[in-house]
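These notes concern the structure reproduced below.
Where a number appears in this text, it was derived from the coordinates with a stated rule and is not lab data. Bear in mind that the values here come from a model prediction, so they are computed numbers and not experimental data. Glycine also receives a Cβ, built like all others from the backbone with ideal geometry; neighbour counts cover every protein chain displayed.
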Amino acid sequence: MAARPGEASASQARKALEELCRIYWYPLYAFVRYRGHASVDAQDLTQAFFARIIETGGFVSANPERGRFRSYLLGAMKHFLANERHRIETLKRGGQVHFIEWDALDPESRYAGSPKQSEDPEHLFDREWALETTAGALRVLRDEMLEAGKGEQFDALKGCLTGEDPHSRAEIGERLGMNDGAVKVAVHRLRQRYRRLLRAVIARTVRDEANLDEEMRYLVDILRKR
């Protein structure tokens, strides 16, 4: 809604559009790639898809009454891929609006390194959406901790949020100069803040609280199936 022309100032709409493109470019790229398109073609198609959004004035047909935003966006990409005229114009469109700097992002290395546990490209899209959403919340949380002078604490405890930290709490406490109780409290507070940030990100793409709770459960379920 914020990315629509007329809904906000031009600068606010542009910022909202940039945020959406940042979150969804790789899930869409992976979806296109998994549909059988070569790397260069997938880059051109994803670039062209976002270029078309910009050319047409944003997400003018998106309506929260019709369901989740990620479902709307995936449907729009399917429609885009099915339209042969858009495929023909891909290079032209992609050359006109360089919204995504592919060389800096190196999407093919990322795609090659991702596990392919499903033959369903839509599941792959959802998984990458979940990863991008959680990564965005972690970035915000890290920035908050750095601003509060707790960057070292965040680096030591972030594995407790992602489940990837092999260190015990005793080892973490020794590293940070904190006893076990203090580590437990710090982890609890970090998890609470992380969850609130996740909910805030997802809340911007769903209609109401019930849909938000459902989307949170779905995100957790998708990550467990990685």
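Using a 10 Å cut-off around each Cβ, can you sort ILE222, ILE202 from fewest to most neighbouring Cβ atoms?
Fewest to most other Cβ atoms nearby, the residues stand as ILE222, ILE202.
Along the range 170-175, what does the Karplus equation 6.51 cos²θ - 1.76 cosθ + 1.60 (θ = phi - 60°) give for ³J(HN,Hα), rounded to whole Hz, x for Gly and Pro?
5, 5, 5, x, 5, 5
Please turn the phi angles of the range 126-134 into ³J(HN,Hα) values with the Karplus equation 6.51 cos²θ - 1.76 cosθ + 1.60 (θ = phi - 60°), one per residue in order, whole Hz, x for glycine and proline.
Rounded to whole hertz, the list is 5, 5, 5, 4, 5, 5, 5, 5, 5.
Order these by the 10 Å Cβ neighbour count, fewest first: LEU176, LEU28.
Placing the least packed residue first, the sequence is LEU176, LEU28.
Bin all alpha-carbon pair distances of the range 119-226 at 10 Å intervals from 0 and give each bin's fraction as a whole percent.
13, 40, 30, 14, 2
Could you tell me how far the Cα centroid of the range 147-213 sits from the Cα centroid of the range 42-57, in Å?
Cα centroid of the range 42-57 versus Cα centroid of the range 147-213: 36 Å apart.
Efficiency by 1/(1 + (r/R0)^6): what FRET value for HIS79 and LYS15, r their Cβ-Cβ distance, R0 = 25 Å, to the nearest 0.05?
Computed FRET efficiency for HIS79 and LYS15 comes out at 0.45.
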